[in-house]
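Engineer: This is the structure I have questions about; it appears just below.
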Amino acid sequence: MWFIKNAITRKNLMAITGLFLCFFLIIHLLGNLQLLMPPDEGRLQYNLYSDFLSNNILVKLISYVLYASILAHTIDSIYLSIKAKKASGSSYVLDKRNRASKWYSRQMMLLGTIVFAFLVIHFKDFWFIYKFGALPMDSAGNKDLYGLVVAAFQDLWYVILYAIAILALGFHLLHGFFSAFRTIGLYNPKYNRLVKSVGVIFAVAMTIGYFIIPFYIYLNL
Amino acid sequence: MKIDLKVWRQKNQNTKGHLESYILDEVDAEMSFLEMLDMLNLKLAKRGERPVEFDHDCREGICGQCGVMINGIAHGPLKNTTTCQLHMRSFKDGDTIYVEPFKAKAFPVIRDLKVDRSAFDDIIAAGGYISVNTGQAPEANSILISHDEAESAFDSAACIGCGACVATCKNASAALFTSSKISQLAKLPQGKKESSKRTVNMVNRMEDLGFGHCTNTEACQVECPQDISVLNIAQMNYEYNKAKLKK
């Protein structure tokens, strides 16, 4: 990847990996909404679902694409940011250029960094423990991931951490979704209006959807 | 009107620039911004000082020669206006106005407010033309172009190459400038034929010259004197991707 110098090709990679991650967000949210089920039923259902995901060969293959996408998206953004910094030259003494664009469209790197830092914690606390840690079994004999998640969200600070990360993700999507389509080359004005609206709905839906889970668990259990 | 001007002074490309303060007492509200700078220069010349250098030509908002950062915004506070079409009535008595050159790695300062925008010429030279002589205007019904298509191509062609898009972009990207030419030609039958080759050559030249990439903040269109649409950039990406996939 390092040998691709061209920025449009690089941006295509950002767009395609970004859109794949958007697709993953939907699946991940739908799966995790099972956490909102009544405790006893939810525990069995959620642990069964987790077990299915970790043993299905197709899901396993897709998960490798997912890890690769996260890494490619991250590395590429760093490369492009450094390149852009070099291109922009010296700064203005008085700079009011901000009036022309939305703050989140200029702060994609910052928002992305917050999301990435969150992902490290998220992977460490759930993915890593599920894969390599010692977890008790539930009554059906599956690893009790449900118990781990519910216990984690009893801590208010942990819920707040999630809220910050999800908010950052929401703004990242608000710009990233339509921007990806532009990068790939969707230039028809009608479809652009449509994509922009869908992008807003998607970003809001993901933000609210992901907000609900930690707050619901914190307040209810 | 009394105006406190803070003007960027820089002797040449190799020296460091700084802001210099000048007070102008008799600024007329009906003066254009450039006439106000003329007034300053007259004053400086009378005092035996070096006048402030800035680019300008038609002073009618057509040529794209003028262009400075005024109070931190390309071409000043009015939207879709060139510097020459900005008048002092947009400011108040006693205002402080910062005047700086457009800044980007690909736009080195020549002196004061004058920057070298020949990088734009280089991009055009890489493919912003039709290589065959298209001759006289053909009979109007022999090549049919829809009204919408013709208007859209004309909108793209309206770019005056002032460089405000680069100055406004946080990445100093020349995507709006380059794409307006690419899509103007791609929309018309004479230009369509060479679209792939042209797009690849112009995009590569744009990058070699040190311009940044586009992150779709859309700030360029907001500050563009001609309101060139950011969808031109999407079309450039489309043409580029198409050319690369076909190869």
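Engineer: Restricting attention to segment B:62-105, and to residues there that are touching a helix residue (DSSP H, G or I) at 6+ places or on another chain (Cβ under 6 Å) and in a strand (DSSP E or B), which single residue is farthest from the other protein chains (Cβ to nearest Cβ)?
Structural biologist: B:A74
Engineer: Mind checking whether some residue in segment B:115-135 is within 25 Å of B:I23 (Cα to Cα), of a type outside the set (S, T, N, Q) and surrounded by 11 or more Cβ atoms within 10 Å (Cβ to Cβ)?
Structural biologist: Within segment B:115-135, the first condition is being within 25 Å of B:I23 (Cα to Cα), and the residues that meet it are B:115.
Within this subset, residues satisfying the condition of being of a type outside the set (S, T, N, Q) are B:115.
Of the ones still in play, those that are also surrounded by 11 or more Cβ atoms within 10 Å (Cβ to Cβ) are B:115.
Yes.
Engineer: So, one more: Answer with yes or no whether A:Y79 is assigned to a helix (DSSP H, G or I), of a type in the set (S, T, Y) and either in contact (Cβ under 8 Å) with a residue 24 or more places away in the chain or touching a Leu at 6+ places or on another chain (Cβ under 8 Å) (or both).
Structural biologist: Numbers: assigned to a helix (DSSP H, G or I): yes; of a type in the set (S, T, Y): yes; either in contact (Cβ under 8 Å) with a residue 24 or more places away in the chain or touching a Leu at 6+ places or on another chain (Cβ under 8 Å) (or both): yes.
When the stated conditions are applied, A:Y79 passes them.
Engineer: Now for a separate question. A:N32: out of contact with any strand residue (DSSP E or B) (no Cβ under 6 Å at 6 or more places or on another chain), within 24 Å of A:M137 (Cβ to Cβ) and touching a residue at least 60 places away in the same chain (Cβ under 8 Å), yes or no?
Structural biologist: Values: out of contact with any strand residue (DSSP E or B) (no Cβ under 6 Å at 6 or more places or on another chain): yes; within 24 Å of A:M137 (Cβ to Cβ): yes; touching a residue at least 60 places away in the same chain (Cβ under 8 Å): yes.
Yes; evaluated as a whole, the condition is true for this residue.
Engineer: Against the definition (touching a Cys at 6+ places or on another chain (Cβ under 7 Å) and surrounded by 20 or more Cβ atoms within 10 Å (Cβ to Cβ)), how does B:A186 come out, yes or no? Walk me through how you get there before you give the answer.
Structural biologist: Values: touching a Cys at 6+ places or on another chain (Cβ under 7 Å): no; surrounded by 20 or more Cβ atoms within 10 Å (Cβ to Cβ): yes.
So B:A186 fails the test.
Engineer: Looking at B:S90, is it among the polar types (S, T, N, Q), loosely packed, with under 12 Cβ neighbours inside 10 Å, touching a residue at least 12 places away in the same chain (Cβ under 8 Å) and outside the structural domain of B:A158 (by TED's automatic domain parsing)? Spell out how you get there, then give the answer.
Structural biologist: On the way: among the polar types (S, T, N, Q): yes; loosely packed, with under 12 Cβ neighbours inside 10 Å: no; touching a residue at least 12 places away in the same chain (Cβ under 8 Å): yes; outside the structural domain of B:A158 (by TED's automatic domain parsing): yes.
So B:S90 fails the test.
Engineer: Here's something else I'd like to know. Show me the helices (runs of 4 or more DSSP H) found entirely inside segment A:109-221 where at least 3 residues are surrounded by fewer than 19 Cβ atoms within 10 Å (Cβ to Cβ) and modelled with pLDDT of 95 or more. Write out each step before concluding.
Structural biologist: Numbers: elements: A:129-132, A:145-152, A:156-184, A:189-220.
Ranges flagged: A:156-184, A:189-220.
Engineer: Does A:L36 qualify as being over 19 Å from the mean Cα position of the chain (by Cα) and surrounded by fewer than 16 Cβ atoms within 10 Å (Cβ to Cβ)?
Structural biologist: Details: over 19 Å from the mean Cα position of the chain (by Cα): yes; surrounded by fewer than 16 Cβ atoms within 10 Å (Cβ to Cβ): yes.
Here the answer is yes, as A:L36 does meet what is asked.
Engineer: I want to confirm something. Restricting to segment A:180-221 and keeping residues that are within 14 Å of chain B (Cβ to nearest Cβ) and among the hydrophobic types (A, V, I, L, M, F, W, C), which single residue is farthest from A:N6 (Cα to Cα)? Lay out the reasoning, then the answer.
Structural biologist: Taking segment A:180-221 and keeping what is within 14 Å of chain B (Cβ to nearest Cβ), we get A:180-196, A:199.
With among the hydrophobic types (A, V, I, L, M, F, W, C) added as a condition, the list becomes A:180-181, A:184, A:186, A:194-195.
On the way: A:A180: 17, A:F181: 18, A:I184: 14, A:L186: 19, A:L194: 29, A:V195: 26 Å.
In this case the residue turns out to be A:L194.
Engineer: Considering only segment B:205-234, how many residues are farther than 21 Å from A:R193 by Cβ, touching a residue at least 40 places away in the same chain (Cβ under 8 Å) and at the interface with chain A (Cβ under 7 Å from one of its Cβ atoms)? Give the derivation first.
Structural biologist: The first filter runs over segment B:205-234 and keeps only residues farther than 21 Å from A:R193 by Cβ, leaving B:205-213, B:223, B:225-226.
Among the residues that remain, those that are also touching a residue at least 40 places away in the same chain (Cβ under 8 Å) are: B:205-206, B:209-213, B:223, B:225-226.
Those left that are additionally at the interface with chain A (Cβ under 7 Å from one of its Cβ atoms): B:210-213, B:223.
Result for segment B:205-234: 5.
Engineer: A further question follows. Name the helices (runs of 4 or more DSSP H) wholly inside segment B:190-247 in which the number of residues that are more than 17 Å from the chain's Cα centre (by Cα) and buried (at least 24 other Cβ atoms within 10 Å of the Cβ) is 2 or more.
Structural biologist: On the way: elements: B:195-208, B:219-223, B:231-246.
It comes to B:195-208, B:231-246.
Engineer: Would you point out the residue of segment A:82-101, among those that are at the interface with chain B (Cβ under 7 Å from one of its Cβ atoms) and not in a helix (DSSP H, G or I), that is nearest to A:M14 (Cα to Cα)?
Structural biologist: A:S101
Engineer: Determine whether segment B:235-242 contains at least one residue that is touching a Phe, Trp or Tyr at 6+ places or on another chain (Cβ under 7 Å) and either within 11 Å of chain A (Cβ to nearest Cβ) or not hydroxyl-bearing (S, T, Y) (or both). Break it down into steps so the answer makes sense when it comes.
Structural biologist: Of all residues in segment B:235-242, those touching a Phe, Trp or Tyr at 6+ places or on another chain (Cβ under 7 Å) come to B:235, B:238.
Add one more test, that the residue is either within 11 Å of chain A (Cβ to nearest Cβ) or not hydroxyl-bearing (S, T, Y) (or both), and what stays is B:235, B:238.
Looking for residues that are touching a Phe, Trp or Tyr at 6+ places or on another chain (Cβ under 7 Å) and either within 11 Å of chain A (Cβ to nearest Cβ) or not hydroxyl-bearing (S, T, Y) (or both), one finds at least one in segment B:235-242, hence yes.
Engineer: Further question on the same structure: Any residue that is buried (at least 24 other Cβ atoms within 10 Å of the Cβ), more than 14 Å from chain A (Cβ to nearest Cβ) and of a type outside the set (F, W, Y) - is there at least one of those in segment B:147-158?
Structural biologist: No, every residue in segment B:147-158 fails to be buried (at least 24 other Cβ atoms within 10 Å of the Cβ), more than 14 Å from chain A (Cβ to nearest Cβ) and of a type outside the set (F, W, Y).
Engineer: If I ask for residues that are in a loop (DSSP other than H, G, I, E, B) and closer than 20 Å to B:Q226 by Cα, which ones from segment B:106-133 would you list?
Structural biologist: In the first step, residues of segment B:106-133 are kept if they are in a loop (DSSP other than H, G, I, E, B); the result is B:106, B:108, B:112-113, B:116-117, B:126-133.
Matches in segment B:106-133: B:R117, B:G128.
Engineer: While we're here: Check B:K6, B:K43 and return the single one that is within 14 Å of chain A (Cβ to nearest Cβ) and either surrounded by fewer than 19 Cβ atoms within 10 Å (Cβ to Cβ) or farther than 25 Å from B:C169 by Cα (or both).
Structural biologist: Values: B:K43 fails: within 14 Å of chain A (Cβ to nearest Cβ).
Selected residue: B:K6, the only one of B:K6, B:K43 that is within 14 Å of chain A (Cβ to nearest Cβ) and either surrounded by fewer than 19 Cβ atoms within 10 Å (Cβ to Cβ) or farther than 25 Å from B:C169 by Cα (or both).
Engineer: Now for a separate question. Condition first: polar (S, T, N, Q) and touching a residue at least 60 places away in the same chain (Cβ under 8 Å). Now tell me which residues in segment A:167-200 satisfy that. It would help to see each step written out before you state the result.
Structural biologist: Restricting attention to segment A:167-200, the residues satisfying the condition of being polar (S, T, N, Q) are A:179, A:183, A:188, A:192, A:197.
Result: A:S179, A:T183.
The values are calculated or read from the model by the stated rules, or taken from the named source; none is laboratory data. The structure presented is a predicted model; accordingly, all values stated were derived computationally and were not measured. Neighbour counts are summed over all protein chains in view; Cβ atoms, including those assigned to glycine, are modelled from backbone coordinates with ideal geometry.
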